[in-house]
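See structure below.
The values are calculated or read from the model by the stated rules, or taken from the named source; none is laboratory data. Please read all numbers here as calculations on a predicted model, not as lab measurements. Please note: Cβ atoms are built from the backbone with ideal geometry, for glycine as well, and neighbour counts cover all protein chains shown. Surface accessibility is based on the protein's heavy atoms, side chains included, excluding ligands, DNA and RNA. Shrake-Rupley method; radii C 1.70, N 1.55, O 1.52, S 1.80 Å.
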Amino acid sequence: MIENKRQSAQHKAAEDSLTNQVHLQFAQARKKESKQVRLVQLAILVLFFALWELAARLKWIDVLLFSYPTKVFKLLWDKLLDGSLLPHVGVTVVETIIGFALGTLFGTALAVVIWWSPFLSRVLDPYIVVINSMPKVALGPLFIVGLGPGLLSIIATTLSITVIITTLVVYGSFKEVDHNYVKVVSLFGGTKRKVFLKVILPASFPAIVSTLKVNVGLAWVGVIVGEFLVSQMGLGYLIIYGFQVFNFTLVISTLFVIAIVATFMYQIVSNLEKRLTKHR
């Protein structure tokens, strides 16, 4: 009897050891693959800048329009040293964060309201489709007249882009939840509130979190469009100013800054998504 228990314990220990080895090998393989992906991404980026610089030096492209990397980096460095770049970056980032947060909250709340009332869903459906199809730039003048040429107009432009998309994505995830789960909770006396909290919301949580990543890009689009129209500060203003004075190096430099900051924000949201989904 004791011998059997000892053999069983040894067998279990061997299985656990084998499982740990397999898991370790899998983790090492994934880590190696991630490093390879990063190296390839870096190589593509370096190659792109090298070809761009070469094309400009050999006059393959018009440097007045497309500039070249060393000139772009020099301009950015000069503006960092004289302190004229960071205030514009700060203004745009604050506006983007506000638009991103409000767009996600309002869009999710509207999706909940529409799901809660099927009648309201049928009433609002054509209006949501029409609003989503409208060019948001065309709404800019209305926001400027109604809210004034300032922060409120920029935020309103951002919300016009983010809210509807968020509503459509989140409401779509609500409708895709398996109806059998809803029936089970309802059969046990669950109210609509309990159905939403116990079934709909948990099942849709990954889609809601994924919407955060979508809204990062949409918020940037809305803010830059808003700054095109009304702002005297921000990265969108720098782009318009660069076009007005035919300083296309400034335009490209600003686009480069937008790409860096937007990537950084996207990575933050992506890490947040991993943390939130990991704990569920």
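Here are a few things to note about the model shown:
- Contacts under 9 angstrom Cβ, first residue in segment 229-250 being more than 28 Å from GLY146 (Cα to Cα), partner open to solvent by 20 Å² or more (accessible area, probe 1.4 Å) and part of a loop (DSSP other than H, G, I, E, B), 6 or more apart: THR249/TYR68
- Number of residues in segment 135-160 that are surrounded by 12 or more Cβ atoms within 10 Å (Cβ to Cβ) and not in a helix (DSSP H, G or I): the value is 2.
- Test: residue in segment 243-252 that is at pLDDT 80 or above, surrounded by fewer than 14 Cβ atoms within 10 Å (Cβ to Cβ), farther than 24 Å from LEU139 by Cα and not charged (D, E, K, R): yes
- The lone criterion from (1) over 17 Å from ILE114 (Cα atoms); (2) charged (D, E, K, R); (3) at pLDDT 80 or above left unmet by GLU176 is number (1).
- Candidates ILE61, ILE114 - the one that is under 18 Å from THR166 (Cα atoms), modelled with pLDDT of 85 or more and hydrophobic (A, V, I, L, M, F, W, C): ILE114
- Selection count, segment 38-79, where residues are assigned to a helix (DSSP H, G or I) and of a type in the set (S, T, N, Q): 2
- For VAL209, the conditions (1) more than 21 Å from LYS175 (Cα to Cα); (2) open to solvent by less than 40 Å² (accessible area, probe 1.4 Å) are fulfilled apart from (1).
- In segment 91-109, the count of residues that are closer than 30 Å to GLU176 by Cα, of a type in the set (Val, Ile, Thr) and at pLDDT below 85 is zero.
- Any hit, segment 100-111, residues being open to solvent by less than 50 Å² (accessible area, probe 1.4 Å) and either among the acidic types (Asp, Glu) or over 25 Å from VAL223 (Cα atoms) (or both): no
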